[in-house]
Amino acid sequence: MKESNNDDKTITSLENTDENEADTNKGEDAIESQEKDSINDNEKNTVKEIYLDKLNELEVNLNTSLKEKYDSGITLEMIEAASEEYEKWDKMLNEVYLELEEQLSETEMNNITEEELNWIKTRDEKSEAADDKFEGGSIAPFLRIESLAKSTKERCYELVNNYMK
């Protein structure tokens, strides 16, 4: 009978071991889930931070690379610089918008799309008004393009700061 008691103890001991392993696995699963949630939260913050860094880097690079053309006083070179700046900010705006589509719900994106259409109208009105004092002058195209670049840069920062996670 002692043998059967030992066998019972062994069986009981093995059952407890299985239960302990199951409890341990549950605990590990919970910790792993928390770590994933934490990583996901960090990734969301990191995406916003990454985009703010990208915007700042683009701004610094454009200021450096286009400085000579802007400072030249030659209207054609200034127009070329403003055009390049506008093109780069517009490309960045599209990239930000695509990232927001990945992050936000359909309803949120519909709201942003509607807001974007209003922003485009305002941007274009500002651009047209930018050269009012110099209409017909050689500097007028520069002022219009410069306004587009400035508005687009501001919109990039606005979308990242207000909507990106």
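For the range 66-136, the alpha carbon positions stretch 47, 26, 11 Å along the principal axes, listed from largest to smallest.
Net charge of the neighbourhood of GLU68, taken over other residues with C-beta under 14 Å away and scored Lys/Arg +1, Asp/Glu -1, is -3.
Using the Cβ-Cβ distance between LYS133 and LEU76 with R0 set to 22 Å, the FRET efficiency from 1/(1 + (r/R0)^6) comes to roughly 0.60. A full extension of the chain between GLU125 and LYS91 corresponds to an added length of 10.2 nm, given 0.36 nm per residue minus the alpha carbon distance.
Quick check: at a probe of 1.4 Å, how many percent of the accessible area of the range 36-165 sits on carbon and sulfur atoms? For the range 36-165, the apolar C and S fraction of the accessible surface comes to 48 percent. Using the 1.4 Å probe convention, the accessible area of the range 65-165 works out to 60 Å² per residue with neighbouring protein chains retained.
Principal axis extents of the C-alpha atoms in the range 44-165 (largest first, rounded to whole Å): 46, 29, 15.
The values are calculated or read from the model by the stated rules, or taken from the named source; none is laboratory data. From a predicted model like this one, the values you see are computed outputs, not experimental measurements. Don't worry about glycine lacking a Cβ; one is built from the backbone with ideal geometry, like all the others, and counts go over all protein chains shown. The protein model used for the area step is the full one, side chains on, heavy atoms only, and it has no ligands, DNA or RNA in it. Shrake-Rupley method; radii C 1.70, N 1.55, O 1.52, S 1.80 Å.
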